[in-house]
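Below is one structure, written out as structure tokens, with a few remarks after it.
What follows draws every value from the coordinates through simple rules; no lab data is involved. Because the structure is a prediction, the values reported are computed rather than measured. As a convention, Cβ positions derive from the backbone with ideal geometry for all residues, glycine included, and neighbour counts pool all protein chains shown.
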Amino acid sequence: MLAELAVANAAFQVIKTAVQNGNDLAKVAHKIADYTHAKTDIEKKVREDKSRGRNSADLESFMALEEIREQENSLKEIMIWAGEPGQWDRWVKFQADARIARKKEEEEREKWATELYNNVGIAAIVIAVLLGLYGLFLFVLYLQGL
């Protein structure tokens, strides 16, 4: 979780500096993507820790999420007061779109993996049946004395 938090902090500093200097968010799009990925990873790890009942990571998870929330509040203020009109709304929309795209990609990866496992299983069954039939054929030939 510390690695994700470090990525989020570094990306946040770049985004914050760009917004404060009046740059367009498109110029730091790769850092925005890094930030949203790190934020999502932290949230995902917190959910996994809670589902597994890991109490030792509770404080670390809570502090990481709080830092992300503080960064977003700070960024919101900067975008509202120093940024272009509607910049915060575009930021929120960008994050939502990125989250939807990542979820879709994850679902497609899971679907592909499921199809691969099914196809490998079917191929293994077909090969086993063919080998069984070939073995039966050889057994019949052996019984006939050929």
Practice prompt. Could you compute the FRET efficiency for Ala3 and Ala123, with r as their C-beta to C-beta distance and R0 at 30 Å, rounded to 0.05?
Written response: 0.20
Practice prompt. Take each of the peptides 115-124, 90-99, average the number of other beta-carbon atoms within 10 Å over its residues, and list them starting from the highest.
Written response: 90-99, 115-124
Worksheet entry | Cα-based equivalent ellipsoid of the chain: semi-axis lengths in Å, sorted from largest, via gyration tensor | 55, 20, 11
Item to complete: Among the listed pairs Lys16/Lys103; Lys44/Lys111; Lys44/Lys103, give every one whose C-alpha distance is greater than 22 Å.
Response: Lys16/Lys103
Worksheet item: Could you give the nm distance between label points at Phe137 and Glu106, where each point is 7 Å from its Cα heading toward the beta carbon?
Response: 4.9 nm
